[in-house]
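These notes are about the structure you will find just below.
The values are calculated or read from the model by the stated rules, or taken from the named source; none is laboratory data. Only a predicted model underlies this, so the values are computations on that prediction, with no experimental measurement involved. Every residue, glycine as well, gets a Cβ built from its backbone with ideal geometry; the counts of neighbours run over all protein chains shown. Please note that ligands, DNA and RNA were not included when accessible areas were found on the heavy atoms of the full protein model with its side chains. Shrake-Rupley method; radii C 1.70, N 1.55, O 1.52, S 1.80 Å.
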Amino acid sequence: MPRTKASLLTSMSAAELRKLANTKEQLEKLEGQKARLTKDLAKVEKAIAKVLGGLTGKKTTRKKAGRKKAVKAAPKKKAVQVRKKRTAKKVAAKKAKAPRVTVESAVVALLKGHKKPMAFQDILETIQKKKLIKSKSKDFANVLRRTLSTSKKVKRVSRGVYRA
């Protein structure tokens, strides 16, 4: 049997009522923040659309006085919207990508994480197992040898043994 709101409130203790009131205040605060964030998001989306519109949908023509006048192209609206969305996704994807990891930085991070000097074969196996570096090289071991021998950040302890 469902309880009515009044019977539910009378059966609650004072502590429960205070907790309910606090929760309600927090909910109102969060709803206000959500409204502000929604407005900010709309502004950002409008700015992005404006930038993308400038990149994709405008042509420029010259007047006699040498001034440029922006003339919007008249493609179909749906096609333009789809193109803008795809472009926005590409821009976001490019920003989200991590910077490219160099062989030297990966080796230095590996050696610092290991703390003790490591043999060349151990370094090579660890890099290949953990897939720390993308390489199209047929002989990655040679690339690693060359990097270790020329790097100023990696020191040779003994033959085939290196430390950061």
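Checking LYS64, LYS50, LYS59, LYS69 one by one, the residue that is modelled with pLDDT under 80, among the basic types (Lys, Arg), open to solvent by 100 Å² or more (accessible area, probe 1.4 Å) and assigned to a loop (DSSP other than H, G, I, E, B) is LYS64 and no other.
Yes/no per residue for (1) basic (Lys, Arg); (2) open to solvent by 60 Å² or more (accessible area, probe 1.4 Å); (3) in contact with a helix residue (DSSP H, G or I) (Cβ under 9 Å, 6 or more places away or on another chain):
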position: VAL103; (1), (2), (3): no, no, yes
position: ALA109; (1), (2), (3): no, yes, no
position: LYS115; (1), (2), (3): yes, yes, no
position: MET118; (1), (2), (3): no, no, yes
position: GLU125; (1), (2), (3): no, yes, no
position: SER137; (1), (2), (3): no, no, yes
position: LEU144; (1), (2), (3): no, no, yes
position: TYR162; (1), (2), (3): no, no, yes
